[in-house]
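A short write-up of the structure that comes next.
The values are calculated or read from the model by the stated rules, or taken from the named source; none is laboratory data. This structure is a prediction, so every number in the text was calculated from the model and none was measured. Please note: Cβ atoms are built from the backbone with ideal geometry, for glycine as well, and neighbour counts cover all protein chains shown. To get the accessible areas, we keep the full protein, side chains included, count just its heavy atoms, and leave off ligands, DNA and RNA. Shrake-Rupley method; radii C 1.70, N 1.55, O 1.52, S 1.80 Å.
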Amino acid sequence: MQYKRRLKKGPIIALGIFILAIILIIMGINMYKHYTSYEYKLGKVGYNEKEISKLLKMDKKYIDYALEHKYDKNLIPLISQKYFVWKNYNDYVKYMKKAYTSKKVNYKETVTLVNVKANYDPYTHTTKTNMKDGLAILVNKHYSLPDKYAPKDIVKMSNWYSYDGNSVRKEVYEAFKEMFNAAKKEDITLIVNSSYRDYDSQKQIYDKYKRENGEEYADEYAARPDFSEHQTGLALDIFTLGTNRANFEDSDGFKWLSKNAYKYGFILRYPKGKEDITGYSYESWHYRYLGRELAKKVHDSGLTYDEYYAYYLDKE
């Protein structure tokens, strides 16, 4: 006669309870992870799945900002811009509220203009430029030189390279002579029409424009003293023989400079179509010396110097 072995219920129940406990613990951990995750928290703020996915790929400071503030539909489009600068975020938002009340927001334009302070009227929110930047100093309608600044290494230019009465910083002069000789080999004769201007000279020019045509006209075509690149000794107005402001753009000299100026440390400072960024009308003749290394970087970037400085060099 055979007997069936009876399993004791106690151990089975204990095993079941243990397994259930493990399951509950795992579920609890998963729930904790879910409710403490960025995905959940961002969702509670109001961001959708697609927005959350983009935010999670970005720097933690952007995620923290999103969690600490109300839902902002502009946050992700702004921080997705190539030249977005975090310290300017609040200014981006202010600019958008003012500029796009009745049209679609242009995020690229917003970032560009705010980065270069073009969201402010000229000469209204000015900062002293960082002279420690050396050849890279930024001087425009928002960044000024020290009061009545005058560089110490100004040298007179020979009439072989310029019209009478021009002078410039020694390093710039040497670079221009090298560029002049290179152009000369291709039957192009460059000549400097205007160069270094001290404070008083720049003031006379600006005051004349203002007196004859009004302040708005003066601010478009001339810089105020202490806000002029010519006062740095790093800027040259370059033409070829027989050309002037009206026709230099159509000359072989301009075409040569467009392809080669950066190789000698110069950039076209006020390009066409960038007036809202630079604050000046297009000047095919105005070249700024930065040194070869930086000039190449700016040239290759395709940016104006104002934009390049704001994104790559501004250490504030």
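Values for this structure:
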quantity	calculated
In the range 183-224, residue most open to solvent (accessible area, probe 1.4 Å) [restricted to those that are assigned to a loop (DSSP other than H, G, I, E, B) and small (G, A, S)]	G214
Residues being more than 30 Å from L67 (Cβ to Cβ) and either open to solvent by 100 Å² or more (accessible area, probe 1.4 Å) or not in a helix (DSSP H, G or I) (or both) - total across the range 16-37	2
Selection count where residues are surrounded by 19 or more Cβ atoms within 10 Å (Cβ to Cβ) and not hydroxyl-bearing (S, T, Y), scope the range 300-313	4
Qualifying positions in the range 226-250 - within 28 Å of Y206 (Cβ to Cβ), in contact (Cβ under 8 Å) with a residue 12 or more places away in the chain and either open to solvent by 20 Å² or more (accessible area, probe 1.4 Å) or among the small types (G, A, S) (or both)	F227, S228, G233, A235, R245, E249
So A66, is it of a type in the set (G, A, S), part of a helix (DSSP H, G or I) and surrounded by 14 or more Cβ atoms within 10 Å (Cβ to Cβ)	yes
In the range 233-272, residue nearest to the chain's Cα centre (by Cα) [restricted to those that are within 20 Å of L290 (Cβ to Cβ) and among the hydroxyl-bearing types (S, T, Y)]	Y270
Long-range neighbours under 8 Å by Cβ, at least six apart or interchain, first residue part of a loop (DSSP other than H, G, I, E, B) within the range 74-87, second open to solvent by 70 Å² or more (accessible area, probe 1.4 Å)	S80/K54; Q81/K108; Y83/Y311; V85/Y311
L257 aliphatic (A, V, I, L, M) and open to solvent by 10 Å² or more (accessible area, probe 1.4 Å)	no
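Listed here are the residues, each with its yes/no results for (1) at pLDDT below 95; (2) surrounded by 13 or more Cβ atoms within 10 Å (Cβ to Cβ).
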residue	(1), (2)
N74	yes, yes
L78	no, yes
Y92	no, yes
A99	yes, yes
K103	yes, no
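To keep it simple, each residue is scored yes or no on (1) open to solvent by less than 50 Å² (accessible area, probe 1.4 Å); (2) in contact with an Asp or Glu (Cβ under 7 Å, 6 or more places away or on another chain); (3) farther than 29 Å from Y312 by Cα.
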site	(1), (2), (3)
K141	yes, no, no
L145	yes, yes, no
D153	no, no, no
K156	no, no, yes
S162	yes, no, yes
N166	yes, no, yes
V172	yes, no, no
N181	no, no, yes
